[in-house]
Every structure is written in structure tokens, then in C-alpha cells.
1. May I have the convex hull volume per residue, in Å³, for the Cα set of region 199-318?
2. Evaluate the Kirkwood expression for the hydrodynamic radius of region 110-183, namely the inverse of the mean inverse distance over all pairs of different C-alpha atoms, and round to one decimal in Å.
3. Would you be so kind as to identify which of Thr221, Asn282, Gly190 lies farthest towards the positive end of the dipole of region 187-288, taking Lys and Arg as +1 and Asp and Glu as -1 on Cβ and the Cα centre as origin?
4. Out of the total accessible area of region 135-208 (probe 1.4 Å, heavy atoms of protein only), what percent is carbon and sulfur?
5. Treating only the Cα positions of region 232-381 as identical point scatterers, give the base-10 log of I(q)/I(0) from the Debye formula at each q in 0.09 Å⁻¹.
6. Given a cut-off of 27 Å, name the pairs among Lys281/Lys313; Lys202/Lys260; Lys175/Lys347; Lys132/Lys313; Lys132/Lys310; Lys140/Lys310 whose C-alpha atoms lie farther apart than that in the structure shown.
7. So, with +1 on the Cβ of K and R and -1 on the Cβ of D and E, and no other charges, what is the size of the charge dipole of region 116-177 about its Cα centre, to the nearest 20 debye?
8. First select every other residue whose beta carbon is under 12 angstrom from the beta carbon of Ala337; then total the charges, Lys and Arg +1, Asp and Glu -1.
Amino acid sequence: IWKVRKVKQDLELLSKRHNTLKIKMSATPVVVQVNSISSFLRWIGLSRNCRLLLAFGMVLAIIYHISSTSSSSSSTITTALSSSIKKKTNAVQLQHSVVSSNSATSTSNTVYGHVHIPKTGGSNLNGLLAVKYDNVCGNKGYSYDAFQFNFRAKRDGITGVGKNIDSVSKATLGKYDRGQPGKNIVEEIGFENCDYISYETKWDTWPRITNNLGFAKYNMTLELHIPCREPMEHLLSMGNRLGRKFNCEVATANEEGFQKVINNVYMGAGRFNDKSYLLYKNQIQNQKHQQKHPNTTYSSNNSNDRIHLKCFKPIPLDPYLEYMGQQGRLRHRRFEAPYVMRTTNKKRNNGTECMWKQSPEFLERVRQYVVETYPYSKFCDECMGSNNELKFMETKAEDAVVDDNDNEDDRLL
């Protein structure tokens with residue numbers, strides 16, 4: 001305490017104010033001169049020893065008072081300083097925890113989705129994404145168990161969807177497996193940890209997912225990718241999946257027969273319906289408005305408005321798979337498993353399909369009817385070639401992954 005400058009300054013200030021005590025301080029012992037106090041004590045008649053004793057006691061009392069005051073001030077300063085340091089430390093720790101949290105999760109406000117349209121290669125698309133990227137969820141495969149699932153499929157020579165031997169197949173008596181867990185298990189798992197969702201489901205499921213996950217609250221977007229095949233090829237592929245042939249004799253007989261034959265082979269109308277198409281038309285209007293007024297920001301709490309629709313060419317699959325790994329859309333897995341292709345329905349024989357033997361006018365009539373009747377086909381007709389089509393590099397035919405043996409869950413149609 002005696003070596004602290006603050007104490008020295010306080011003592012000197014006190015001496016000047018009261019003119020009763022002069023203290024000379026240095027880094028070594030203290031020298032105290034008692035003039036005014038000693039004179040006062042001599043005046044009241046005390047002996048020399050008493051005067052010295054009382055003077056010394058008074059000096060000690062003054063020093064104690066000053067040191068206590070200084071100590072209290074120092075304690076206050078120390079407490080304030082400690083509090084300030086603690087606040088700054090807590091702020092740094094909070095900032096660090098936020099940064100750590102952000103670095104451990106996706107920083108994008110976009111979740112990608114795949115509308116699994118029948119006969120567009122969706123099962124293998126879902127499975128391939130799951131073995132290549134993390135946080136892929138789907139009723140035809142999840143990232144978290146894709147490695148072991150494909151390992152068992154390769155080891156056991158199993159290529160059929162739902163035919164793998166695992167805990168799910170045992171629990172469901174062979175009805176499902178980990179590569180096709182079934183809708184109940186998909187819903188039980190949830191979608192909170194998904195960066196990509198591939199789902200065979202009715203359209204109303206997508207707005208429900210965005211609403212349940214609070215996309216509007218967190219300003220998030222679900223970018224839904226809809227695969228679009230060439231209409232005629234797609235129609236015949238759906239008929240092949242259902243085991244139904246396109247009956248040209250009935251189709252060319254009259255208008256009723258024409259429509260009946262087409263409707264008989266069309267699949268999955270509930271996965272992209274009138275609501276879906278209306279959403280796309282609203283999206284087009286919003287895009288046009290944004291072009292005219294680029295400085296305005298469109299915001300809505302409507303769960304449908306958190307969904308943006310994009311179309312893409314699904315066959316071959318490779319360009320789309322590569323596209324999803326670019327620009328940070330999806331994160332590559334640490335361990336990528338060799339994928340086992342899944343096949344179910346029979347191969348098509350184009351040579352036996354009577355449609356290709358019909359006139360160009362008839363083929364155009366079929367295409368026009370499909371586009372005008374089904375919202376999905378109408379969407380594809382308008383989206384492909386527009387700014388809403390996903391653009392990616394084409395893959396050489398010999399290297400392409402082509403899937404025309406997709407297995408769909410008919411219970412979801």
C-alpha cells in the first residue's frame with residue numbers, strides 16, 4: 001500500500017487541506033513529522049511520552065482511514081473492471097458459439113426437394129444422391145444408412161426395391177427395407193435434418209412440410225425440382241409400369257376411346273395437381289413483377305409461397321447429380337458407397353409399341369391432350385426451355401445413368 005502512488009497523493013492532499021500532518025513518503029520507510037499535533041498536545045498539558053504516544057496513535061488512525069478509503073476505491077474499481085471483463089468474455093463466448101453453430105450446419109436458407117413423378121428415374125435418383133451427399137432424405141433412401149444398405153445389396157446381389165434384408169424388412173415382413181422404408185417411417189423420422197427431400201407423395205405434403213418447419217419464420221425456401229420427360233416416351237413408360245398397353249385401335253376409333261386409352265396409362269396425377277400449377281403461375285407473375293421493380297422484395301407468410309418450382313431433364317441422371325454437388329448446394333459425403341442400381345418392371349420394347357406407327361398428326365393430338373388435361377404435363381410444357389429450367393452440362397450417352405425401371409409406390413398415387 002505504501003508504494004502505491006494513489007495513497008501518496010491522497011495523503012499529501014489531506015495534509016494540505018488540514019495543515020495538521022506532513023508525511024514524506026518514498027519507496028523505502030516512511031518518515032512522519034508531527035508539528036501541529038504535538039504543539040496542540042503540549043498546550044493541553046500532557047507529558048512528552050503521552051504526547052508522542054497519542055500523536056503516533058492519531059497518525060496510525062489517519063493512515064488507516066486513508067488506506068481503507070483507498071482500498072475501498074480500489075476494490076470498487078477492481079469489481080467494475082472484473083464485471084466489464086466478464087461481460088466482454090461472455091459476449092465473445094456467445095459470438096463464438098453462434099459462429100461454431102453456423103459452421104457446423106448449412107448456412108443456406110434453401111432446402112431442395114424432388115417431386116417424385118412416376119417413371120422419371122426417381123428411385124435411382126434418390127438412391128444415388130443418398131450415397132453421394134449428406135443430409136439427403138427420401139422414401140427411396142437416406143444418407144445416414146445408404147453406405148451399409150448398398151454394401152448389403154451388393155454383397156447379396158439384391159437389386160429389387162424393398163428386397164434388401166435388414167431390420168426394416170424383418171419388422172415389415174419383407175414389405176419395406178431401409179432403401180424403401182415406407183411413408184410411416186419417413187414421417188416418423190421427420191425432415192428437420194434434411195438439405196434435400198425426395199418424396200413420393202401427394203402435392204399437399206410439400207406445403208405441410210414448409211409450414212411445420214417454420215419456413216416463413218426463418219425466411220427459408222423450398223426449391224422443388226420437377227423432372228420432365230418427353231411426353232410420348234413418358235406416357236408409354238407409365239403404361240409399361242402399370243402393365244397396360246396403349247391400345248391404338250381403341251384410341252383411333254373415337255374421341256371417347258382416345259381419352260380413355262390415355263387416362264388408362266397415366267400415373268401420378270395427385271403428385272402435381274391444379275394447386276401445383278397455380279403456384280407455378282403465381283411464381284411467374286412474381287418473377288415478372290421483380291423484373292419490373294428490381295428494388296422491391298417480395299415476402300409472404302403463406303406456406304405455398306415458400307415453395308419455388310424448377311424443372312429439369314431427368315434422363316440421363318448424371319448431369320443432375322453433378323449439378324446438386326456444385327456451388328455448395330449439397331455437401332459431399334466423407335465415405336461414398338458404390339451404388340447398386342435398382343430395377344423392377346420389364347424393359348420396354350419400342351418396336352412393339354403401336355403409337356410410333358401412327359401419323360405425326362395423331363402423335364401431336366396425344367401430346368396436346370396430355371398437356372391440356374394434366375397439370376404436370378402442362379407445367380413441363382411451359383417450364384422446359386424457360387428461365388426456370390435447371391441448366392447443366394450434358395453427359396455422354398455411354399457414361400449416362402439411364403433408368404426406365406423405376407419402382408413407384410402405387411399407394412401414394
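1. Here the figure is 151 Å³ per residue.
2. Details: mean 1/r = 0.0799 Å⁻¹.
By the Kirkwood definition, the hydrodynamic radius is 12.5 Å.
3. Asn282
4. Carbon-and-sulfur percentage of accessible area, whole number: 53.
5. Taking Cα atoms of region 232-381 as identical point scatterers yields -0.46.
6. On the way: Lys281/Lys313 20 Å; Lys202/Lys260 23 Å; Lys175/Lys347 24 Å; Lys132/Lys313 20 Å; Lys132/Lys310 22 Å; Lys140/Lys310 21 Å.
Long pairs (Cα-Cα over 27 Å): none in the table.
7. 200
8. +4
The values are calculated or read from the model by the stated rules, or taken from the named source; none is laboratory data. All values derive from a computational prediction rather than experimental measurement. When we count neighbours, we look across all protein chains shown, and the Cβ atoms used for this are built from the backbone with ideal geometry, even at glycine. Side chains are part of the model used for accessible areas, which takes the heavy atoms of the whole protein and leaves out ligands, DNA and RNA. Shrake-Rupley method; radii C 1.70, N 1.55, O 1.52, S 1.80 Å.
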